[in-house]
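Remarks on the structure that follows.
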Amino acid sequence: MPDRLRLVVFDVDGTLVDSRVHIIDAMETAFAGVGLPVPSRDAILHGVGLSLPELMAQLVPDQPTSVHNALAVGYKSASFARHTAAGQDAKVVFFPGIRDILDRLRREDFALMATATGMSRRGLDRIIAQHGLEGYFQSTQVADTHPSKPHPSMLFAALSDTGVAAEDAIMVGDTSYDMMMAKAAGTRAIGVTWGNHPAEYLADADMIVNTTDELMVALERWIEERA
């Protein structure tokens, strides 16, 4: 058994929760609000994980910063309105098997959990409250207070919060931005293929998994190997 703490850091959109329909809907509203054509679904989902201004700059690089910022504000407003319209009982959907992974890791004596997400604080707190995840994550890093991925700021903060060394931490994410962030922070990385980037974009991962069963096995093996 390991004799020191391990830290598992999760991306959220595309890794833990399937928010693609919500993202596309809010993006369509944001672009309509500034009178621009909506980018393709693939282009939108490829940018998920970036902070909103960076995502908008990637989607419409020919537009000025003022438009990127207006799109970001429009997206946030549309996203909030969509959540409000859905009502208090509507829950963001976990990918199959994810809740079981979170529950099992929480029972691990030597494993801590954190998030490093391009979501807002409000969005992440909503998911935590909806699914009764209070106390699951020892550090919750969001886009509101950090540079966009792949900058390693969020991982550095999670490591600082938990007191875990980079070599004892692993990032789990679905995009190339997550993998590059982990590499920059000196942590290990697992890429998951059920999210927004296909496997060929996850080349910087130490391991790529295709199912949540594979992910749980990989995490358990990694925890044991770090003894």
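The values are calculated or read from the model by the stated rules, or taken from the named source; none is laboratory data. Not measured: the values here are computed from a predicted model. Positions of Cβ are backbone-derived with ideal geometry, glycine not excepted, and every protein chain shown enters the neighbour counts.
Summary of computed values
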item	result
All positions within segment 70-113 that are at pLDDT 90 or above, out of contact with any Leu (no Cβ under 9 Å at 6 or more places or on another chain) and farther than 30 Å from E225 by Cα	A70, G74, S77, A78
Residue check for D42: closer than 30 Å to D168 by Cβ and under 21 Å from the mean Cα position of the chain (by Cα)	no
Filtered residues of segment 29-44 (kept if of a type in the set (A, V, I, L, M) and surrounded by fewer than 20 Cβ atoms within 10 Å (Cβ to Cβ))	A32, V34, L36, V38, A43
Filtered residues of segment 99-154 (kept if among the hydrophobic types (A, V, I, L, M, F, W, C) and either farther than 23 Å from G186 by Cα or outside the structural domain of Y201 (by TED's automatic domain parsing) (or both))	I101, L102, L124, I127, I128, A129, L133
Filter result for V93 (crowded, with 19+ Cβ neighbours inside 10 Å, in contact with a strand residue (DSSP E or B) (Cβ under 7 Å, 6 or more places away or on another chain) and over 23 Å from L7 (Cβ atoms))	no
Any chance S176 is at pLDDT 95 or above and under 26 Å from D125 (Cβ atoms)	no
Residue check, R221 of a type outside the set (V, I, T), in contact with a Pro (Cβ under 9 Å, 6 or more places away or on another chain) and either crowded, with 17+ Cβ neighbours inside 10 Å or more than 18 Å from L16 (Cβ to Cβ) (or both)	no
Total residues in segment 134-154, condition under 13 Å from the mean Cα position of the chain (by Cα) and at pLDDT 95 or above	6
Helices (runs of 4 or more DSSP H) contained in segment 1-94 and holding at least 1 residues of a type in the set (S, T, N, Q)	20-33, 52-59, 65-86
Failed item, numbered, when L133 is tested on (1) free of Cβ contacts under 8 Å to residues at least 60 places away in the same chain; (2) closer than 22 Å to A205 by Cα; (3) of a type in the set (A, V, I, L, M)	(2)
L133 vs. criteria assigned to a helix (DSSP H, G or I) and closer than 26 Å to F94 by Cβ	no
Every pair of residues 6+ apart whose Cβ atoms lie under 8 Å, when the first sits in segment 49-63 and is under 16 Å from Q141 (Cβ atoms) while the second is among the acidic types (D, E)	G49/D11; G49/D13; G49/D174; G49/D178
Single match in E214, E167 (criterion: among the acidic types (D, E), touching a Ser or Thr at 6+ places or on another chain (Cβ under 9 Å), surrounded by fewer than 18 Cβ atoms within 10 Å (Cβ to Cβ) and at pLDDT 95 or above)	E167
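Residue by residue, here is whether (1) among the hydrophobic types (A, V, I, L, M, F, W, C); (2) surrounded by fewer than 23 Cβ atoms within 10 Å (Cβ to Cβ); (3) in contact with a strand residue (DSSP E or B) (Cβ under 8 Å, 6 or more places away or on another chain) holds:
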{"residue": "Y177", "(1), (2), (3)": "no, no, yes"}
{"residue": "M180", "(1), (2), (3)": "yes, yes, no"}
{"residue": "A189", "(1), (2), (3)": "yes, no, yes"}
{"residue": "T193", "(1), (2), (3)": "no, yes, yes"}
{"residue": "D206", "(1), (2), (3)": "no, yes, yes"}
{"residue": "V209", "(1), (2), (3)": "yes, yes, yes"}
